[in-house]
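The values are calculated or read from the model by the stated rules, or taken from the named source; none is laboratory data. Computed from a prediction, not measured in an experiment: that's the story for all the values here. Cβ: placed from backbone, ideal geometry, glycine included. Neighbour counts: every protein chain shown.
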Ligand code: PHE
């Protein structure tokens, strides 16, 4: 069911901003720095950059092509382009399931950032002794009500933007928020590198220690790059379906990948020097930004309370905005499906997704507190959601997308999409390279990451 007046993004910049909005998120600010810290600093960063350019970018192009060619939601895209082959008709449902599952727990972390934003506004870090700041995190996440309320608040605003539609909701929000994000992260970076002792953090990001490079580093760097570019979750397929036939997808996709890379690196330089300046272990894990960064603000608050509070407010505002533009793209996948498949109105589809993601999200949130004892396969509910989505489903879906574009779609169709019917000479010239990466390199890489995750 495709309507002729299906919404479209309003031009090249709008496409890049919306896609970069989806890509730039907690993956860059929260996950990237601790992955760098756990996997050898600069060496990880270099592998990450190469993986993004040579593996993730072709996968990204594949997803945009599938979306734009089919001009429909992520589930129907596979069904339509495979002429309703039973395997692809079923596989397509995964593209709706995965982002919806991720939105459940992604919005929980979004809620944490909202709470930390409020904490910054009420000068909580300035009024807490630095040694006690990390304890704030533990008592916050293990309490029952506040994290749940913050999660629902974050999700309600996100769904509210999606309810506004593609052009006046998603596009408008990304247009305003993305430039602000870059400005905010640069301000935080400038502050961070000026801290006494920050130099070792900068050095950590610039001097690779090759002895740290193991097969695991490769697998994690590639996995991180997929996650960060929103691949394997139907989000880019859905946004691709809003891209006009006139757009040069090589330019929009490269623009998105480069902005995402740049933002991750800026976030690394904003966070690592602060971590080093505070004498915190860079491999501290997922708590890095919620425990270590406020520690820096608390310490600085002892001498410069106003500046420290202002920086904390800016920092958590950045995290919220980045998380929200990504969560918007997660919710939009389900919304476009419900609208086109079940004929629902946008508002109703949004309300339904709010109920589903809100409900499961509450369980994820409570798994840090009252439901801590509930363990499934040795994992808490939150960890289970994250593990199943990021380590299994995401990779399966990314593999299906590249195999589909590389082996199921006829070469002629892929060429036609990539070159806009042969009218883009540069694209035409590099097509053989892109097609090779898509057909051979990307699928092999995804399979390797998958097995490395299990075996190492
Ligand atoms: N790319 C987002 C981030 O870096 C996460 C995300 C994944 C968003 C998949 C949408 C779809 O945080």
Against the condition surrounded by fewer than 24 Cβ atoms within 10 Å (Cβ to Cβ), away from the ligand (no atom under 16 Å from the Cβ), more than 14 Å from the chain's Cα centre (by Cα) and at pLDDT below 95, how does residue 348 come out, does it pass? no
(1) more than 15 Å from the ligand (Cβ to nearest atom); (2) in a helix (DSSP H, G or I) all hold for residue 281 apart from (2)
Taking the stated definitions as given, is residue 268 over 26 Å from residue 283 (Cα atoms) and at pLDDT below 95? no
**Report entry** Test for residue 277: is it without any contact (Cβ under 8 Å) to a residue 60 or more places away in the chain and out of contact with any helix residue (DSSP H, G or I) (no Cβ under 6 Å at 6 or more places or on another chain)
**Finding:** no
Checked pairs for the stretch 224-240, first more than 20 Å from residue 452 (Cα to Cα), second more than 9 Å from the ligand (Cβ to nearest atom) and in a loop (DSSP other than H, G, I, E, B), C-beta under 7 Å and 6 or more apart or across chains, list as 238/73
If you go through 37, 27, 21, the only one that is in contact (Cβ under 8 Å) with a residue 24 or more places away in the chain, within 16 Å of the ligand (Cβ to nearest atom), under 30 Å from residue 210 (Cα atoms) and assigned to a helix (DSSP H, G or I) is 27
Would you confirm whether or not the stretch 210-220 contains a residue that is within 16 Å of the ligand (Cβ to nearest atom), within 30 Å of residue 308 (Cβ to Cβ), crowded, with 21+ Cβ neighbours inside 10 Å and in contact (Cβ under 8 Å) with a residue 12 or more places away in the chain?
no
inquiry  = Going residue by residue through the stretch 190-206, is there one that turns out to be within 15 Å of the ligand (Cβ to nearest atom) and in a helix (DSSP H, G or I)?
reply    = no
- [ ] Confirm whether residue 176 is under 15 Å from the mean Cα position of the chain (by Cα), at negative phi, away from the ligand (no atom under 14 Å from the Cβ) and assigned to a helix (DSSP H, G or I).
- [x] no
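Residue-by-condition table, conditions (1) within 16 Å of the ligand (Cβ to nearest atom); (2) outside any helix (DSSP H, G or I); (3) over 30 Å from residue 126 (Cβ atoms):
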| site | (1), (2), (3) |
| --- | --- |
| 75 | yes, no, yes |
| 79 | no, no, yes |
| 83 | no, yes, yes |
| 87 | no, no, yes |
| 90 | no, no, yes |
| 99 | yes, no, yes |
| 103 | yes, no, yes |
| 107 | yes, no, no |
| 110 | yes, no, no |
Matching residues in the stretch 393-421 (more than 23 Å from residue 80 (Cβ to Cβ) and free of Cβ contacts under 8 Å to residues at least 40 places away in the same chain) number 0
The one condition residue 244 fails out of (1) away from the ligand (no atom under 16 Å from the Cβ); (2) assigned to a helix (DSSP H, G or I); (3) touching a residue at least 24 places away in the same chain (Cβ under 8 Å) is (2)
The residue that is surrounded by the fewest Cβ atoms within 10 Å (Cβ to Cβ), considering only those in the stretch 329-345 that are over 24 Å from the mean Cα position of the chain (by Cα) and under 17 Å from residue 78 (Cβ atoms), is 341
Exercise for the section: Answer yes or no as to whether residue 339 is away from the ligand (no atom under 16 Å from the Cβ), under 16 Å from residue 97 (Cα atoms) and assigned to a helix (DSSP H, G or I). Expected result: yes
* For the stretch 438-446, does any single residue satisfy the condition of being outside any helix (DSSP H, G or I) and surrounded by 13 or more Cβ atoms within 10 Å (Cβ to Cβ)? -> no
